[in-house]
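The values are calculated or read from the model by the stated rules, or taken from the named source; none is laboratory data. It should be emphasised that the depicted structure is a prediction, and the values quoted were computed from it without experimental measurement. When we count neighbours, we look across all protein chains shown, and the Cβ atoms used for this are built from the backbone with ideal geometry, even at glycine. Keep in mind that these areas ignore ligands, DNA and RNA; they rest on the heavy atoms of the full protein, side chains included. Shrake-Rupley method; radii C 1.70, N 1.55, O 1.52, S 1.80 Å.
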Amino acid sequence: MARRFIAGQSAAEATDALADLWRHGYAASVDLLGEKTVTLADADRYAARVMDLVTTATAAAPAWPANDRLEHDPWGPLPRVNVSIKATALAPMLTPYTLAAGIDEAMERLGPILDHALRAGVTVNFDSEHDEVKDPTFALVREVGRAYPDGPQLGCVVQAYRTDAYDDLDALIEWSATTLRRPLQVRLVKGAYWDAETITARAHRWTPPVWQAKPDSDASYERCARLMVERAGAIRPAFASHNLRSLAYALTAADAVGLAPGAVEAQVLYGMAVPLHAALRDLDVRTRVYVPIGELVPGMAYLVRRLLENTSNDSFVRLQYHDGAALDALLAPPPARPTAPTPPQVPATDADAPAPFANEPDTELRRPAVRERMVAAVRATATGFPVPVRIAGHERTTGDQLPSTDPGRVSTEVCRATLATTDDVAHAVETAHAAFPAWSARPARARAAVLFRAATLLRERRDAFVGLMVLEAGKPIAEADAEVSEAIDFCEYYGRGALRLAEGAPVLDVPGEANRYSYQARGVGVVISPWNFPLAIPIGMVTAELVTGNPVVFKPAEQTPGLAWRMVQLLHAAGVPDDVLAFLPGIGEDVGPPLVEHPLVASIAFTGSKSVGLEIIERAAVVRPGQRHVKRVTAEMGGKNAIVVDADADLDEAVPAIVHSAFSYAGQKCSAASRLVVVQPVFDEVIDRLAGAIDLVVLGHPADLATKVGPLIDEAALQRVERYQALAHREATVVMHRKDMPTGGWYAGPMLCIAGADHPLARDEIFGPLLTAMPAADLDEALALANDTEYALTGGVFSRSPATIERVGRELRAGNVYVNRHIVGAIVGRQPFGGYGLSGVGSKAGGPDYLHQFVEPRVVTENTMRQGFAPPTAPSHGPT
C-alpha cells in the first residue's frame with residue numbers, strides 16, 4: 001500500500017521516478033518524507049538529504065527530453081527539478097515562540113541548497129504543515145525571498161481549508177509582487193491535517209482554524225482560485241486537488257480572465273486518482289505530480305493522511321471511483337462564500353441550572369495577537385504591594401514582614417507579606433469555628449454559586465493572574481496561563497460536585513421504613529498550599545472545603561504570598577463571607593504546627609514535601625484536649641516519577657515529551673519526570689537524541705514566551721539542585737549539563753545523567769531540572785526499575801505495542817499513568833491527580849471522590865409504621 005503513494009527511498013530512486021514521469025509528460029515536485037526534527041543533528045541530516053536530492057536530480061535532468069509545456073510559462077522558464085521542503089524539518093526551533101532562532105537555523109541549512117538551486121535551476125517549494133507552524137513557515141519564505149530576491153524560483157503552499165486562507169494568500173501575493181524578481185509559485189491545496197487540527201481545537205475548546213464542513217472548504221478554494229488567477233504574474237498559480245469541480249473551476253477562471261495557455265498548472269498526488277493525471281495532461285494542462293520519497297516508517301503519517309483522503313465519506317475520489325456518485329452532483333457548485341466562525345464566549349454558570357462541566361480553554365497562544373496581549377500583561381503587572389494578615393475582614397500589615405522576590409530577577413520585590421503569629425492562628429481558628437454553623441447551613445446551591453462567580457472573576461482577571469504568576473513564581477507564560485484554566489476548572493467542577501453531594505446518595509428502603517443518606521460539613525478546615533502551583537492548588541483545596549460547608553484558615557507558601565492574597569481577594573469578591581475565610585501568610589515552621597494541632601480544626605488539606613506531609617499526618621493524629629473528632633488529613637507529597645521507553649517506541653514523539661516532562665518549569669512539578677528507564681536496544685539512541693534536544697531548550701526569564709526552563713523558586717532550592725548536580729559529576733555519567741544560565745536569578749542548567757537505580761540521584765526527590773536515566777535489558781526489568789521507589793505519583797510509557805501499553809498501565813506503580821505523551825499537566829475531570837505510597841493520602845484532586853474528604857456521611861432512618869398504619873407507597877389492595 002505504501003509503495004502506491006511513496007515512489008522510493010533514495011535520491012537515486014526519486015530521480016528514476018522523475019525521469020519516468022517526465023517522459024510521460026508530467027513535471028514533478030519531490031517531497032522528502034520526515035516531518036519532525038528534535039535535534040540539530042536531525043535537521044542536519046534532513047538538509048543533507050535535500051542537498052543530495054537536488055544535486056542528484058540536477059545532474060540527471062539535462063538528459064530528459066525537451067518539453068516546452070513543462071519548462072515555460074508566460075513569465076519565463078520553469079526549472080525541471082522541483083523540491084518540496086518541510087520548514088520544520090530544517091529547524092527544531094521554528095515555532096511561534098522561538099521564531100527568530102528558528103529562522104536563523106533554517107537559513108543556515110538552506111544557504112547551500114539555495115545557492116545550488118540558483119546555479120543549477122531548482123524550484124524550492126515550502127510545504128505547509130499544521131496550524132502552529134503555518135505563520136513561521138510563511139515568515140521563513142519571506143526571509144528566503146529577502147535574502148534571494150533574484151532566485152532561485154520559490155514556492156509555497158496555501159491551505160484553502162483554513163478559515164484565514166484568503167487573507168494569507170492576499171498578503172503573499174502582495175509580498176511576491178513587491179519583493180521577488182521571479183513570481184512566487186503558490187500551490188493551492190485543500191489541506192491534509194483536517195482531523196488533527198479539528199481534534200486539537202476541540203480538545204482545547206478553541207475555534208477550529210479549518211472549515212468544519214467540506215463544502216465550505218470547497219467554496220474557500222474557489223474564492224482563493226479566483227484571486228490567484230486575477231493576480232497571476234504577481235504569482236505563478238498552481239492548483240493541487242483531485243476534486244474535478246475544484247480543478248475545472250480554477251482552469252475556467254483562468255480562461256475567464258484571459259490568461260495565456262500554460263499560465264496555470266495542475267498538481268496531483270503520486271499514485272492517487274491516476275486517470276485524472278492523464279486527463280489533465282491530455283487537455284494540454286501542465287501537470288505536476290507531487291512525489292514523496294523516503295523510508296516507510298517515517299513516512300507512515302503521510303501514508304495515513306493519504307488513506308484518510310481516499311476513504312473519507314466526503315472525498316471526491318471515493319465518491320467518484322468507489323461510490324459511483326452522479327457526475328452532475330459532484331460538479332455542483334459549493335455554497336456561497338462561507339463566514340469564519342467567531343470565538344465563543346464561555347458563559348457564566350447558573351447555579352440553578354448548571355450546564356455539564358467542560359474544561360476551561362487555555363489562551364490560544366499560537367495566535368500572534370494573543371501572544372502580544374499576554375506579554376504586555378506581564379509587563380504591566382504591578383509589584384511592590386503589601387500582603388496583610390486577614391481575619392474576619394480585618395487586615396493587618398504591621399509586624400514582621402517577608403519580601404517576595406522575582407526568582408528570575410531577584411532585585412525585583414514583587415510584594416511584602418506580613419507574617420502571621422501564633423495569636424493570629426488561634427484567633428483565625430476560633431473565628432472560623434464560630435462561623436461554621438451559619439456557613440454550613442447555607443444551601444449547597446448558594447455555596448456553589450460563590451464558586452461559579454469566582455470562576456467568572458478568574459476569567460476576567462486571567463491576564464493579571466498570569467502576569468503575577470510569571471513574576472512571583474517564575475512560571476513560564478504558557479504554563480501560568482494553563483494554571484489559571486485549572487483554577488477555573490476547580491471552581492466549576494467542585495461547584496457541580498457540591499450540588500450532587502447535596503442530593504445525598506441512594507440507599508434501600510423497606511415497607512414501614514424510610515432511609516436518607518446525606519453529607520454534612522466536618523468543621524474548620526486548614527489549607528496549607530505549595531509555591532509551585534500557587535493559584536490552582538490552593539484555590540482547589542480552599543474551594544473544596546468552602547463549597548462543602550467548611551470555613552477555612554488558609555496558610556499559603558511563603559514564596560508566593562502575593563498570588564495567594566489576590567486569590568483570597570477574588571474569593572471574597574465572589575461572595576465568601578469575611579469570617580468564613582482567614583488568610584495567614586507566614587513561615588511554615590512557625591504557623592503550621594499550631595494550625596495542625598489546634599483542637600477545633602477538623603480537616604487539613606496539604607500539598608508539599610514528603611517530610612512536611614508526614615509531620616502533618618503525625619501531628620494531626622494526636623487527639624488534643626477539648627478535641628471531639630479525629631482530624632482528616634489529605635496530603636499530596638511529591639514523587640520520583642519514571643518514564644519507560646520500550647524498544648519499539650516512536651522516538652520522534654518520546655523525546656520531546658520526555659524533555660517537557662522533565663524540564664518544563666525547571667522540573668519544579670511534583671509530577672515531573674525525574675527518572676528515565678529505557679529498554680537497552682534503543683538506550684543509546686534515546687540518550688543521544690535527548691542530549692541534542694536538551695541543548696535546544698530555551699533558558700531564560702519566564703516573561704519571555706520562548707522560555708522553557710526558568711529559575712528555581714529560591715536560593716535554597718538552587719543550592720539543593722546544585723549539590724545533586726555536583727554529586728552527578730562525581731559519581732554518575734553526565735551526558736548533558738547546560739551551563740549557559742542567565743544571570744540575576746536562581747537558575748540551574750538542565751542536566752541529563754546516567755546512574756544506578758540505588759543511587760541518590762535515582763532515589764531522592766530533587767525538584768529541579770535533573771533527569772536520571774537507567775538502561776533495562778527488557779520490559780520486565782524496566783518495570784522493576786520504574787517501580788523501585790517509595791513514591792507512586794505519576795509515570796509514563798512509550799510503546800507501539802498494545803500489549804505493552806496494557807501491561808504497563810496495569811503494573812506501573814503510579815496514581816496517574818500516561819501513555820505516549822508527557823506526564824505533566826493533569827487536567828481537572830480528565831486526569832484527576834494524586835498518588836499513593838509515600839506520594840500522598842486521600843482522593844484525587846479534580847476527581848469525583850475529592851469532596852467526600854471534607855464531609856461526614858450520615859444516615860437518618862425513620863420508622864413510618866404508626867399503630868398499625870403506614871403511609872401507602874403503592875395502591876392498597878387490602879380490606880376496605
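Exactly one of (1) in contact with a helix residue (DSSP H, G or I) (Cβ under 7 Å, 6 or more places away or on another chain); (2) of a type outside the set (Ser, Thr, Tyr); (3) free of Cβ contacts under 8 Å to residues at least 40 places away in the same chain; (4) over 16 Å from PHE663 (Cα atoms) is unmet by VAL679. Its number?
So the condition that VAL679 fails would be (3).
Could you tell me which residue of region 238-269 is most open to solvent (accessible area, probe 1.4 Å), considering only residues that are of a type in the set (Ser, Thr, Tyr) and touching a helix residue (DSSP H, G or I) at 6+ places or on another chain (Cβ under 6 Å)?
TYR249
At least 3 residues that are within 26 Å of ALA557 (Cα to Cα) in each: list the strands (runs of 3 or more DSSP E) lying fully within region 624-721 that qualify. So that I can check it myself, show each step before the final result.
Details: elements: 632-636, 641-645, 673-679.
Output list reads 632-636.
So, in region 174-193, exactly how many residues are open to solvent by 10 Å² or more (accessible area, probe 1.4 Å) and part of a helix (DSSP H, G or I)?
Result for region 174-193: 5.
What are the residues in region 585-618 that are of a type in the set (Gly, Ala, Ser) and either in contact with a Leu (Cβ under 8 Å, 6 or more places away or on another chain) or open to solvent by less than 20 Å² (accessible area, probe 1.4 Å) (or both), if any?
Those that are of a type in the set (Gly, Ala, Ser) and either in contact with a Leu (Cβ under 8 Å, 6 or more places away or on another chain) or open to solvent by less than 20 Å² (accessible area, probe 1.4 Å) (or both): GLY586, GLY592, ALA602, SER603, ALA605, GLY613.
What's the number of the only condition in (1) surrounded by 24 or more Cβ atoms within 10 Å (Cβ to Cβ); (2) of a type in the set (A, V, I, L, M); (3) in contact with a Lys or Arg (Cβ under 6 Å, 6 or more places away or on another chain) that ALA574 fails to meet?
(1)
Taking region 707-749 as the region of interest, how many residues are basic (Lys, Arg) and farther than 30 Å from VAL375 by Cα?
3
Okay, residues lined up against (1) open to solvent by less than 70 Å² (accessible area, probe 1.4 Å); (2) in contact with an Asp or Glu (Cβ under 9 Å, 6 or more places away or on another chain); (3) assigned to a helix (DSSP H, G or I):
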site: HIS729; (1), (2), (3): no, no, yes
site: MET741; (1), (2), (3): yes, no, no
site: TRP746; (1), (2), (3): yes, yes, no
site: PHE767; (1), (2), (3): yes, no, no
site: ALA784; (1), (2), (3): yes, no, yes
site: GLY796; (1), (2), (3): yes, no, no
site: THR804; (1), (2), (3): yes, yes, yes
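Out of all the residues in region 208-234, which are in a loop (DSSP other than H, G, I, E, B), open to solvent by less than 30 Å² (accessible area, probe 1.4 Å) and closer than 30 Å to PRO361 by Cα?
PRO208, PRO209, TRP211
Let's see how each residue does on (1) under 18 Å from ALA478 (Cβ atoms); (2) open to solvent by 10 Å² or more (accessible area, probe 1.4 Å):
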position: LEU696; (1), (2): yes, yes
position: LEU705; (1), (2): yes, yes
position: PRO711; (1), (2): yes, no
position: MET751; (1), (2): no, no
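Checking the structure you have, find out if any residue of region 558-566 is closer than 21 Å to HIS598 by Cα, of a type outside the set (Lys, Arg), buried (at least 24 other Cβ atoms within 10 Å of the Cβ) and touching a Leu at 6+ places or on another chain (Cβ under 9 Å).
Looking through region 558-566, none of the residues is closer than 21 Å to HIS598 by Cα, of a type outside the set (Lys, Arg), buried (at least 24 other Cβ atoms within 10 Å of the Cβ) and touching a Leu at 6+ places or on another chain (Cβ under 9 Å).
Among the residues of region 411-429, is any open to solvent by 10 Å² or more (accessible area, probe 1.4 Å), in contact with a Gly (Cβ under 9 Å, 6 or more places away or on another chain), over 30 Å from GLU597 (Cβ atoms) and part of a helix (DSSP H, G or I)?
Looking for residues that are open to solvent by 10 Å² or more (accessible area, probe 1.4 Å), in contact with a Gly (Cβ under 9 Å, 6 or more places away or on another chain), over 30 Å from GLU597 (Cβ atoms) and part of a helix (DSSP H, G or I), one finds none in region 411-429, hence no.
LEU451 - would you say it is more than 19 Å from the chain's Cα centre (by Cα), closer than 30 Å to GLY710 by Cα, crowded, with 19+ Cβ neighbours inside 10 Å and at pLDDT 95 or above?
Criteria not met by LEU451.
Cβ-Cβ distance below 7 Å, separation of 6 or more or different chains: which pairs start in region 553-567 with a residue that is closer than 13 Å to LEU419 by Cα and end on one that is open to solvent by 10 Å² or more (accessible area, probe 1.4 Å) and among the acidic types (Asp, Glu)?
Final answer for the pair search is GLN559/ASP714.
Residues are listed down the side, and each one gets a yes or a no for (1) open to solvent by 30 Å² or more (accessible area, probe 1.4 Å); (2) closer than 29 Å to ALA160 by Cα:
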site	(1), (2)
THR55	yes, no
THR58	no, no
PRO77	yes, yes
ASN82	no, yes
THR98	no, yes
ASP104	yes, yes
ASP115	yes, no
LEU118	yes, no
SER128	no, yes
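Just checking, does region 261-273 include any residue being assigned to a helix (DSSP H, G or I) and either in contact with a Pro (Cβ under 6 Å, 6 or more places away or on another chain) or not aliphatic (A, V, I, L, M) (or both)?
In the first step, residues of region 261-273 are kept if they are assigned to a helix (DSSP H, G or I); the result is none.
Within region 261-273, none of the residues are assigned to a helix (DSSP H, G or I) and either in contact with a Pro (Cβ under 6 Å, 6 or more places away or on another chain) or not aliphatic (A, V, I, L, M) (or both).
From the list SER440, SER485, SER529, exactly one residue is among the polar types (S, T, N, Q) and over 37 Å from the mean Cα position of the chain (by Cα). Which is it?
Going through SER440, SER485, SER529 in turn, just one is among the polar types (S, T, N, Q) and over 37 Å from the mean Cα position of the chain (by Cα): SER440.
Taking the residues in region 66-119 that are over 20 Å from ARG366 (Cα atoms) and among the β-branched types (Val, Ile, Thr) as candidates, determine which candidate is farthest from the chain's Cα centre (by Cα).
Only one residue fits best here, namely VAL81.
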